[in-house]
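The values are calculated or read from the model by the stated rules, or taken from the named source; none is laboratory data. Note that this is a predicted model, so its numbers are computed, not measured. When we count neighbours, we look across all protein chains shown, and the Cβ atoms used for this are built from the backbone with ideal geometry, even at glycine. The area values use the complete protein model at the heavy-atom level, side chains included, leaving out ligands, DNA and RNA. Shrake-Rupley method; radii C 1.70, N 1.55, O 1.52, S 1.80 Å.
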Amino acid sequence: MSNTIKITAPSVFGEALAREIIKPGHLIELISTGKLQKHEGHGSVAEKMFAIEDELQGNGTTDAYAVDALVQYGIWRSGDVVNARMAVSQTIVIGDKLISAGGGQLKEIASDSSAGSETSQYPIAVALEVYSGAADGFCLVRII
């Protein structure tokens, strides 16, 4: 695993306050209060916005942002590469399409009743490495 979220530079950098605890690599979304939270919509459309490590404070990929802390984030374009947080108990292989698992994590796209049919899910990225189930671990992904 790389020690950074930003494998390729995002097209947009920004910062906003955290509504909840957020870790680098979480897929995040902006809410109506102007704060950031972990993306909630399982399989739903998501902006390709990920929290990045707070390098200016000497923090790395394992250092979480506290509630109301200023979160640094990037927004990536199609073809860009990022280290994203994966849902627990996932077995991912290279080439798997990934969707939001909710809670700021990604998971393999699948036809299951909890997320609707595969055609109603919105892939965010493609896995570029094998990943197997570590709790809150990272996987290198290419943005779709």
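Couple of notes before you dig in:
- From the list D80, D54, the one residue that fits, being under 16 Å from I144 (Cβ atoms), among the acidic types (D, E) and surrounded by 13 or more Cβ atoms within 10 Å (Cβ to Cβ), is D80.
- Residue that is farther than 15 Å from L140 by Cβ, β-branched (V, I, T) and buried (at least 16 other Cβ atoms within 10 Å of the Cβ), where the choices are V71, V88: V71
- Top-ranked residue of the stretch 1-35 - restricted to ones that are more than 27 Å from Y131 (Cα to Cα) and in a loop (DSSP other than H, G, I, E, B), ranked as most open to solvent (accessible area, probe 1.4 Å): S32
- Condition met for V93 (within 20 Å of I7 (Cα to Cα), open to solvent by less than 40 Å² (accessible area, probe 1.4 Å) and either more than 14 Å from the chain's Cα centre (by Cα) or at pLDDT 95 or above (or both)): no
- Residues that are loosely packed, with under 15 Cβ neighbours inside 10 Å, aliphatic (A, V, I, L, M) and not in a loop (DSSP other than H, G, I, E, B) do not occur anywhere in the stretch 36-49.
- With respect to the stated conditions, G74 fails to be touching a residue at least 60 places away in the same chain (Cβ under 8 Å) and more than 18 Å from G14 (Cα to Cα).
- Taking residues in the stretch 1-30 that are without any contact (Cβ under 8 Å) to a residue 24 or more places away in the chain and within 20 Å of A125 (Cα to Cα), and partners anywhere that are open to solvent by 50 Å² or more (accessible area, probe 1.4 Å) and assigned to a loop (DSSP other than H, G, I, E, B), the pairs with Cβ atoms closer than 8 Å and at least 6 places apart or on different chains are E29/E40; E29/E47; L30/E47.
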